[in-house]
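The values are calculated or read from the model by the stated rules, or taken from the named source; none is laboratory data. Keep in mind that this is a model prediction, so the values were computed, not measured. Here Cβ is always computed from backbone atoms with ideal geometry, including for glycine, and neighbour counts include all displayed protein chains.
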Amino acid sequence: MPQLILTIVIVLLVFGTLIALLSRYKKCPSDKILVVYGMVGKGLSGGNKSAKCIHGGASFIWPVIQSYQYLDLTPLSIEVNLKNALSRQNIRIDVPSRFTVGVSTEDGIMQNAAERLLGLGLGEIQELAKDIIFGQLRLVVATMDIEEINTDRDKFLEAVSSNVETELKKIGLRLINVNVTDINDESGYIDALGKEAAAKAINDARQSVAEKNRDGSIGEANAQRDERVKVASANATAVEGENTAKITVAKSDALRREQEAEALRLATAAEKVQLAKSLEEAYGAEESAEKTRAAKERATKEADIIVEAQIYKQKLEIEAEAQAEQTRRKARGEADAIFAKMEAEARGTQEILMKQASGFTEIVSAAGGNSDSAVRLMLADKMENLVKIQVEAIKNIKIDKVTVWDGGNKDGKTSTANFLSGMMKSIPPMQEMFNMAGMELPDYLGKEKTENSNNEEITNVQNDLEQ
């Protein structure tokens, strides 16, 4: 019993595997292209191929690593109503046409279709092809004259087919058929060409009828003449009045020929008159068409000039606004920079003053809260520099020799004493320096000496010199 169950399970597994493998073998219908994508091998450049296209065959689709889709080969009929297309003569025309396209089965182009059209519906493919056809049809019209498009229709269709099919191949499509129903222009130029051709054909037909009638009359007259000549010649041997008959026949022939010449002249004149009238009508139609085309070109050029002027005006306004905005931003930036600089300098000055005030506060605190003592501490610290500055005032004075003629005492002072006193007075006294600074010299630095004290000092200096 267990062996039977195992056998049934194995058979079911084998049968299921075969069914699964057979279901992965896909056949391609004749109206479709089988596109296998996934791991499908290497391309010619050495990289992995994006897809493998099969038409009219079958392929095994490996599970997990491969998948597939179909591209429909059903032809698509696209109506393209091109309006206001500009020809090489700057005349706008309408070209209503119908194009029939379909997915190509050529090698390489099928690959383009698989890469660009796979997954798109027929409507989406139709719209994509319609956009390409519109652009190429407008391009072909722009390279040809109205006469070429209207008269040489085969050349026009060949140019359209060549350009359109080249672009369609890039997305995997091929052009099957092109049918241009009619060509019109808004200026009436094509109608004028048709009227000119019709007038020419009518005049040619009239001329041909007149020529045929003339040939018939001349042939009939020649036949009658031959008949009469033969009859006259036959009767001449039997009738005595042959000479009279010949004269009569000759006169009759002369009169007939004169009348024939007159008829020929009238027919020729009538033909020339009709030809002149037809040419006049043709020239009038051509002149009207040229005037219409000139008016159209003038209106087009005026419109182009106005549009360019408006565009240029808008450009100048935009540039002026941009320049003004740039100037405003630059001025704002400079103002911000100056403000930032002044603010930084103010913060620096404030910080220095705050540090100085803090230092002064600490000095006063160290002096026990006495401001005079604090000033003494500060002056004691700067005293060396003050003395150095006073000494520097006379340091560089060079005196090679001092000759003194002492003429005796004057006001109780000798000449030598007066010279030394003047030299010492050349040094700015500390009291004067404080007075110029608007301050008062502290008492502990000394008081201003009186005249007596100055005399005592001078006397002491003199005594020292005499000793």
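Is it true that N48 is out of contact with any Ser or Thr (no Cβ under 7 Å at 6 or more places or on another chain), under 30 Å from K301 (Cβ atoms) and loosely packed, with under 14 Cβ neighbours inside 10 Å? Full working, then the answer.
Values: out of contact with any Ser or Thr (no Cβ under 7 Å at 6 or more places or on another chain): yes; under 30 Å from K301 (Cβ atoms): no; loosely packed, with under 14 Cβ neighbours inside 10 Å: yes.
The answer is no for N48.
Which residue out of E343, E321 is over 43 Å from the mean Cα position of the chain (by Cα) and either of a type in the set (D, E) or surrounded by 10 or more Cβ atoms within 10 Å (Cβ to Cβ) (or both)? Step through it out loud before you land on a result.
On the way: E321 fails: over 43 Å from the mean Cα position of the chain (by Cα).
Only one candidate passes the filter, namely E343.
If a residue must be under 41 Å from the mean Cα position of the chain (by Cα), without any contact (Cβ under 8 Å) to a residue 40 or more places away in the chain and part of a loop (DSSP other than H, G, I, E, B), how many such residues does segment 8-60 contain?
The number of residues fulfilling the criteria is 6.
Please go through (1) surrounded by 14 or more Cβ atoms within 10 Å (Cβ to Cβ); (2) in a loop (DSSP other than H, G, I, E, B); (3) in contact (Cβ under 8 Å) with a residue 60 or more places away in the chain for E106 and return the number of the only condition it doesn't satisfy.
E106 satisfies every listed condition except (1).
Checking S162 against (1) surrounded by fewer than 16 Cβ atoms within 10 Å (Cβ to Cβ); (2) outside any loop (DSSP other than H, G, I, E, B); (3) more than 33 Å from the chain's Cα centre (by Cα), which single condition isn't satisfied?
Just one mismatch for S162, condition (3).
Looking at L264, is it at pLDDT 85 or above and either surrounded by 12 or more Cβ atoms within 10 Å (Cβ to Cβ) or under 25 Å from I91 (Cβ atoms) (or both)?
Details: at pLDDT 85 or above: yes; either surrounded by 12 or more Cβ atoms within 10 Å (Cβ to Cβ) or under 25 Å from I91 (Cβ atoms) (or both): yes.
Yes: the conditions hold for L264.
Can you name the residue in segment 61-100 that is more than 29 Å from the chain's Cα centre (by Cα) and not in a strand (DSSP E or B) and is also nearest to S161 (Cα to Cα) among such residues?
The selected residue is P75.
If you check L275, L255, L353, which single one turns out to be in a helix (DSSP H, G or I), of a type in the set (A, V, I, L, M, F, W, C) and outside the structural domain of K212 (by TED's automatic domain parsing)? Before you say what the answer is, go through the steps one by one.
Numbers: L275 fails: outside the structural domain of K212 (by TED's automatic domain parsing); L255 fails: outside the structural domain of K212 (by TED's automatic domain parsing).
Step by step, each of L275, L255, L353 is checked, and only L353 is in a helix (DSSP H, G or I), of a type in the set (A, V, I, L, M, F, W, C) and outside the structural domain of K212 (by TED's automatic domain parsing).
Are there any pairs with C-beta distances below 8 angstrom linking a residue in segment 201-224 that is assigned to a helix (DSSP H, G or I) to a residue that is at pLDDT 70 or above and hydrophobic (A, V, I, L, M, F, W, C), with the two at least 6 apart or on different chains, and if so which?
Matching pairs, first to second residue: N203/L275; Q207/L275; A210/A267; A210/A270; N213/A267; R214/L264; R214/A267; S217/A263.
Working only within segment 91-124, note down all residues that are aliphatic (A, V, I, L, M), at pLDDT below 90 and over 13 Å from Y70 (Cα atoms).
I91, I93, V95, I109, listed by residue number.
Do we have E280 as at pLDDT below 85, among the acidic types (D, E) and closer than 25 Å to R214 by Cβ here?
Yes: the conditions hold for E280.
Okay, residues lined up against (1) within 25 Å of L175 (Cβ to Cβ); (2) touching a strand residue (DSSP E or B) at 6+ places or on another chain (Cβ under 6 Å):
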position: V40; (1), (2): no, yes
position: E79; (1), (2): yes, yes
position: N84; (1), (2): yes, yes
position: G135; (1), (2): yes, no
